[in-house]
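Before I ask anything, let me first share the structure, which is written out below as structure tokens.
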Amino acid sequence: MLEVGNGGMTTEEYRAHFSIWALAKAPLLVGCDIGAIDDTTHELISNSEVIAVNQDKLGVQGKKVKNVTNLEVWAGPLSGNKTAVILWNRSSSNAIVTASWSDIGLKLGTIVDARDLWAHSTASSVSGEISAELDSHACKMYVLVPQSN
């Protein structure tokens, strides 16, 4: 059961928890008191873009594909030749987390539009790798959409 909103974690930790559960296609069962949630918790558990990854019709679970000193990359395929990616800093200090295309199963030379599911923004024409500077215990979650040739 999701722990988002139950206390004991930072907002970044709750965001990472929800992201990993969504990518893993785990049931998104809310474990907090819905009648007492704050605006931040509501925003986290109602992010339709993250929920769409969980509910993707391909139904394939994502998994951890890279771990270097608590800097993790999780990835999984989505329908429409898309890929979901999570960059996660599980360390106790700020760090840059990078996923190269070979880490996540994309062919070298693939150019994608990278949709940041938490910032609701898109970076166009990304190639080779995706990276982010992350606070301790924070994550970024993306859907990578290959550009047409």
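The values are calculated or read from the model by the stated rules, or taken from the named source; none is laboratory data. All values reported here derive from a predicted model rather than from experimental measurement. Cβ: placed from backbone, ideal geometry, glycine included. Neighbour counts: every protein chain shown. Note: areas computed on protein heavy atoms with side chains; ligands, DNA, RNA excluded. Shrake-Rupley method; radii C 1.70, N 1.55, O 1.52, S 1.80 Å.
Under the Karplus relation 6.51 cos²θ - 1.76 cosθ + 1.60, θ = phi - 60°, what is the ordered set of whole-Hz ³J(HN,Hα) values for segment 103-109, x standing for Gly and Pro?
5, 10, x, 8, 6, 4, x
In addition: Please state, to two decimals, what the Cα-based radius of gyration of segment 81-127 comes to when divided by 2.2 N^0.38 Å (N = residues).
For segment 81-127, the normalised Cα radius of gyration comes out at 1.26.
Considering Cα pairs under 8 angstrom that are at least six residues apart, work out the relative contact order of segment 17-103 and quote it in whole percent. Each step should come with its number before you reach the end.
Working: 117 pairs, mean separation 20.9, N = 87.
Relative contact order, segment 17-103: 24 percent.
Of all the C-alpha pairs in segment 44-94, what % are more than 15 Å from each other?
53 percent
Taking all pairs of different Cα atoms in segment 98-149, averaging 1/r and flipping that mean, what Kirkwood radius in angstroms comes out?
That comes to 11.6 Å for segment 98-149.
Further question on the same structure: For the charge dipole of the chain, defined by +1 on Lys and Arg C-beta atoms and -1 on Asp and Glu C-beta atoms about the Cα centroid, which residue among 69, 52, 83 has the Cα displaced farthest towards the positive pole?
So the residue we want is 83.
Quick one: angle between helix 11-23 and the longest Cα principal axis of the chain, in degrees between 0 and 90, rounded to 10, please.
60 degrees
Mind checking Rg over Rh on the chain, alpha carbons, Kirkwood formula for Rh?
Here Rg/Rh amounts to 0.96.
Would you compute, from DSSP H runs of 4+ residues alone, the mean residue ellipticity of the chain at 222 nm, taking -39500 (n - 2.57) per run and dividing by the full residue count, rounded to the nearest 500?
The helix-only estimate for the chain comes to -5500 deg cm²/dmol at 222 nm.
Next question. Using only the alpha-carbon atoms, what does segment 12-64 span along each of its principal axes? Please give whole angstrom values in decreasing order.
Result, largest extent first: 34, 20, 17 Å.
Given a 1.4 Å probe and heavy atoms of the protein chains only, how would you sort 122, 41, largest accessible area at the top?
So, going from the largest accessible area down, we get 122, 41.
Determine the relative contact order of segment 2-149: mean sequence separation of Cα pairs under 8 Å and six or more apart, normalised by residue count, in whole percent.
21 percent
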